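First comes the structure, then the notes that go with it.
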2 protein chains.
Amino acid sequence: MKNKKIIGVVGGVGPVAGLDLVDKIFNQTRAKCDQEHLSVLLLSFSQDIADRTAFILGETNVNPAHAIFRIIQKLESIGASVIGIPCNGVFAPQIFDVILEELKQTNSRVKLIHIVDEVAKFIRGNCPEINNVGVLSTTGTYKARVYVNILESNGIRVVLPDENVQESVHSAISDPMFGIKAQSNPVTDAAKQRIFEAINHLRKKNAEAIVLGCTDLPLAVTEKTIENILIIDSTLILARALIKEVNPDKLKPMHYQGS
Amino acid sequence: MKNKKIIGVVGGVGPVAGLDLVDKIFNQTRAKCDQEHLSVLLLSFSQDIADRTAFILGETNVNPAHAIFRIIQKLESIGASVIGIPCNGVFAPQIFDVILEELKQTNSRVKLIHIVDEVAKFIRGNCPEINNVGVLSTTGTYKARVYVNILESNGIRVVLPDENVQESVHSAISDPMFGIKAQSNPVTDAAKQRIFEAINHLRKKNAEAIVLGCTDLPLAVTEKTIENILIIDSTLILARALIKEVNPDKLKPMHYQGS
């Protein structure tokens with residue numbers, strides 16, 4: 001456990017998305033045996049973290065920030081120094097700023113990697129030719145304009161679904177019968193269909209690439225491109241940013257196919 | 001985080017097998033949204049845990065028990081009360097007894113679920129008609145006779161591969177070029193071929209069911225039966241035992257096809 005940087009993951013948002021992040025960390029790491037892998041700590045306290053969209057929409061007063069802060073404290077107490085949160089809605093200012101404030105007040109020394117900033121950096125660094133980026137997300141992330149604010153401040157134009165299509169995408173994620181959170185192995189056809197319809201809708205609105213801006217979406221969409229549209233997996237970008245932060249020599253080259 | 005039992009997983013043995021266990025816990029849990037899932041804490045300190053087979057064969061003096069004990073202490077410090085270790089070799093007495101002794105000396109209150117005992121219970125409870133059970137494992141588990149001792153004390157006859165076939169199975173798991181630990185996404189054809197040859201070999205030795213007695217093996221073999229031979233996944237058995245221990249009402253029924 002020595003003096004190495006250790007990755008801590010706030011899981012449970014959702015639980016399977018947390019696993020998907022760690023899976024991508026292991027997959028993107030150069031390692032030929034168990035002992036060559038990075039140390040990764042995943043705490044999946046999903047019962048304790050209030051729904052992010054419900055809070056952003058004002059349906060609950062419980063800010064998920066407090067539970068997430070306590071989980072980061074636990075991660076730090078057992079050695080984690082670099083933190084990933086595989087959830088995009090958490091980066092809405094009304095949640096994220098509270099986490100940052102609580103970490104500051106308790107003199108936490110962790111480095112928190114910001115998934116949406118990393119996506120913006122990835123697009124600017126790897127696909128400078130792309131101007132219009134579609135974003136699929138929960139309705140919380142959509143209403144809080146998380147991607148719009150961050151990508152547009154990086155000079156990237158964001159294309160969002162119309163409201164009715166957005167509702168359909170949110171149901172594909174969260175519906176208690178057919179949504180990805182209720183059934184992810186395998187994802188239901190009903191969920192997949194809604195997501196692919198939304199991708200088509202964004203393409204018609206001139207999106208040149210599409211960000212899977214909810215970490216549950218890569219459980220349903222594993223394609224790297226769909227009809228020449230580049231699919232950008234925010235979980236994969238976060239996984240690579242975490243490895244780069246703790247040990248860049250371990251990061252495999254990215255097999256990235258620009259559009 | 002209240003007064004609920006929390007599952008702690010000693011990951012890293014190997015790293016992807018640890019994820020596979022947590023994936024199976026989530027998959028076997030009745031849950032329609034994030035908040036209905038069980039709390040699971042996974043610590044993957046693979047760099048710190050010496051190779052189990054190397055220790056059992058006397059190739060190193062470093063007993064992996066000490067690192068595993070320290071990881072269990074960390075899990076307990078952040079609230080875990082029921083512990084799973086997704087590795088069969090750890091249950092060789094020369095490792096497992098040391099872990100138990102260190103936990104006793106420090107007055108640990110965790111409940112440690114024993115993967116091999118659970119497999120024995122599963123076979124006795126679900127397939128009483130089966131007499132000869134083949135076991136595929138690392139050479140460490142094989143040489144320490146972990147399955148032979150526990151299954152035979154439960155009245156189950158164990159069929160092991162001949163030495164040359166055992167070497168081939170071990171290479172399918174641990175070879176730094178083609179083994180599952182080096183490449184699991186996807187598993188290489190070379191590894192799969194060796195495992196399927198070994199399954200065939202055990203069938204010719206009259207095995208009526210085959211235990212995947214190394215948690216890396218279910219990454220390569222996902223079939224529930226192969227030519228009428230029941231495949232028993234030790235990781236799945238452990239996942240179900242952990243859920244049963246913390247909250248039996250959450251456990252999905254098992255879709256078990258007896259031979």
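The values are calculated or read from the model by the stated rules, or taken from the named source; none is laboratory data. Predicted model, so just to flag it, every value in this text is computed and none were measured. Glycine also receives a Cβ, built like all others from the backbone with ideal geometry; neighbour counts cover every protein chain displayed. For accessibility, only protein heavy atoms count, side chains too; no ligands or nucleic acids. Shrake-Rupley method; radii C 1.70, N 1.55, O 1.52, S 1.80 Å.
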Pairs where the first residue, in region A:84-95, is at negative phi and in contact (Cβ under 8 Å) with a residue 24 or more places away in the chain and the second is in a loop (DSSP other than H, G, I, E, B) and surrounded by 24 or more Cβ atoms within 10 Å (Cβ to Cβ), C-beta under 6 Å, 6+ apart = A:Pro86/A:Thr215; A:Cys87/A:Val13; A:Cys87/A:Thr215; A:Asn88/A:Ser137; A:Asn88/A:Gly213; A:Asn88/A:Cys214; A:Gly89/A:Thr138; A:Ala92/A:Ala144
Pick from region B:65-80, criterion assigned to a helix (DSSP H, G or I), within 10 Å of chain A (Cβ to nearest Cβ) and out of contact with any Asp or Glu (no Cβ under 6 Å at 6 or more places or on another chain), ranking: most open to solvent (accessible area, probe 1.4 Å) = B:Arg70
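Looking for whichever is surrounded by fewer than 20 Cβ atoms within 10 Å (Cβ to Cβ), within 30 Å of B:Pro64 (Cβ to Cβ), within 11 Å of chain B (Cβ to nearest Cβ) and not hydroxyl-bearing (Ser, Thr, Tyr) here; the options are A:Lys24, A:Lys32. Which one fits? Steps first, please.
Working: A:Lys24 fails: surrounded by fewer than 20 Cβ atoms within 10 Å (Cβ to Cβ).
The match here is A:Lys32.
In region B:160-188, which residues are hydrophobic (A, V, I, L, M, F, W, C) and open to solvent by less than 20 Å² (accessible area, probe 1.4 Å)? Break it down into steps so the answer makes sense when it comes.
Keep residues of region B:160-188 that are hydrophobic (A, V, I, L, M, F, W, C), which gives B:160, B:165, B:169, B:172-173, B:177-178, B:180, B:182, B:187.
Residues satisfying the conditions are B:Val169, B:Ala172, B:Ile173, B:Ile180, B:Val187.
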Assess whether B:Thr106 counts as being modelled with pLDDT of 95 or more, within 13 Å of another protein chain (Cβ to nearest Cβ), surrounded by fewer than 24 Cβ atoms within 10 Å (Cβ to Cβ) and over 15 Å from the mean Cα position of the chain (by Cα).
-> no
Does A:Asp51 fit the bill of being in contact with a Leu (Cβ under 7 Å, 6 or more places away or on another chain) and either crowded, with 24+ Cβ neighbours inside 10 Å or facing chain B (nearest Cβ under 9 Å) (or both)?
-> no
All-but-one check, B:Thr138 against (1) over 26 Å from B:Gly58 (Cα atoms); (2) touching a Gly at 6+ places or on another chain (Cβ under 7 Å); (3) buried (at least 19 other Cβ atoms within 10 Å of the Cβ); (4) not charged (D, E, K, R), failing number (1)
Within region B:70-81, identify whether any single residue is more than 16 Å from A:Val9 (Cβ to Cβ), among the charged types (D, E, K, R) and in contact with a Lys or Arg (Cβ under 6 Å, 6 or more places away or on another chain), and answer yes or no.
-> no
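Can B:Ala190 be described as assigned to a helix (DSSP H, G or I) and more than 16 Å from B:Ile226 (Cβ to Cβ)?
Working: assigned to a helix (DSSP H, G or I): yes; more than 16 Å from B:Ile226 (Cβ to Cβ): yes.
Yes: the conditions hold for B:Ala190.
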Since B:Lys205 meets every condition but one in (1) touching a strand residue (DSSP E or B) at 6+ places or on another chain (Cβ under 7 Å); (2) closer than 24 Å to B:Lys181 by Cα, which condition does it not meet?
-> (2)
Out of contact with any Lys or Arg (no Cβ under 6 Å at 6 or more places or on another chain), of a type outside the set (Asp, Glu) and within 20 Å of B:Pro86 (Cβ to Cβ), is that true of B:Ile195?
-> yes
Is there any pair linking a residue in region B:35-48 that is within 7 Å of chain A (Cβ to nearest Cβ) and part of a loop (DSSP other than H, G, I, E, B) to one that is open to solvent by 10 Å² or more (accessible area, probe 1.4 Å) and not hydrophobic (A, V, I, L, M, F, W, C), with Cβ under 8 Å and at least six apart or on different chains, and which?
-> B:His37/A:Gln47; B:Ser39/A:Gln47; B:Ser39/A:Asp48; B:Ser39/B:Lys4; B:Ser39/B:Gly79
Give me the pairs: first residue in region B:191-214 and at positive phi, second residue open to solvent by 80 Å² or more (accessible area, probe 1.4 Å) and not basic (Lys, Arg), beta-carbon distance under 7 Å, and six or more apart or on different chains, which are they?
-> none
So B:Ile6 fits all but one of (1) of a type in the set (A, V, I, L, M); (2) without any contact (Cβ under 8 Å) to a residue 60 or more places away in the chain; (3) under 30 Å from A:Thr53 (Cβ atoms); what number is the exception?
-> (2)
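Identify, please: which residue in region B:1-15 is surrounded by 22 or more Cβ atoms within 10 Å (Cβ to Cβ) and either out of contact with any Asp or Glu (no Cβ under 7 Å at 6 or more places or on another chain) or of a type in the set (Gly, Ala, Ser) (or both) and is, among those, farthest from the other protein chains (Cβ to nearest Cβ)? Walk me through it before giving the result.
Applying the first criterion (surrounded by 22 or more Cβ atoms within 10 Å (Cβ to Cβ)) to region B:1-15 yields B:6-15.
Restricting the remaining residues to those that are either out of contact with any Asp or Glu (no Cβ under 7 Å at 6 or more places or on another chain) or of a type in the set (Gly, Ala, Ser) (or both) gives B:6-12, B:14.
Working: B:Ile6: 8, B:Ile7: 9, B:Gly8: 10, B:Val9: 9, B:Val10: 12, B:Gly11: 8, B:Gly12: 6, B:Gly14: 4 Å.
Only one residue tops the list, namely B:Val10.
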Within region B:137-164, how many residues turn out to be farther than 23 Å from B:Val13 by Cα and among the small types (Gly, Ala, Ser)?
-> 2
Say whether the condition of being part of a loop (DSSP other than H, G, I, E, B), open to solvent by 10 Å² or more (accessible area, probe 1.4 Å) and over 30 Å from B:Val40 (Cβ atoms) is met by at least one residue in region A:81-92.
-> no
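Every residue in region A:194-249 that is assigned to a helix (DSSP H, G or I), more than 18 Å from A:Ile113 (Cα to Cα) and not aliphatic (A, V, I, L, M), please. Give the derivation first.
Taking region A:194-249 as the starting set, the residues that turn out to be assigned to a helix (DSSP H, G or I) are A:194-204, A:217-219, A:234-246, A:248-249.
Subsequent filtering for residues that are more than 18 Å from A:Ile113 (Cα to Cα) retains A:194-204, A:217-219, A:249.
Correct list: A:Arg194, A:Phe196, A:Glu197, A:Asn200, A:His201, A:Arg203, A:Lys204, A:Pro218, A:Asp249.
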Determine if region A:122-130 includes at least one residue that is away from chain B (no Cβ under 14 Å), farther than 23 Å from A:Arg240 by Cβ and aromatic (Phe, Trp, Tyr).
-> no
Kindly establish whether A:Ala182 is under 14 Å from the mean Cα position of the chain (by Cα) and modelled with pLDDT of 95 or more.
-> no
Picking from A:Ala191, A:Ala144, A:Ala182, which residue would you name as being over 12 Å from A:Val211 (Cα atoms), of a type in the set (Gly, Ala, Ser) and in contact with a Phe, Trp or Tyr (Cβ under 8 Å, 6 or more places away or on another chain)?
-> A:Ala191
Residue among A:Val148, A:Val133 that is part of a helix (DSSP H, G or I) and under 20 Å from A:Asn206 (Cβ atoms) | A:Val148
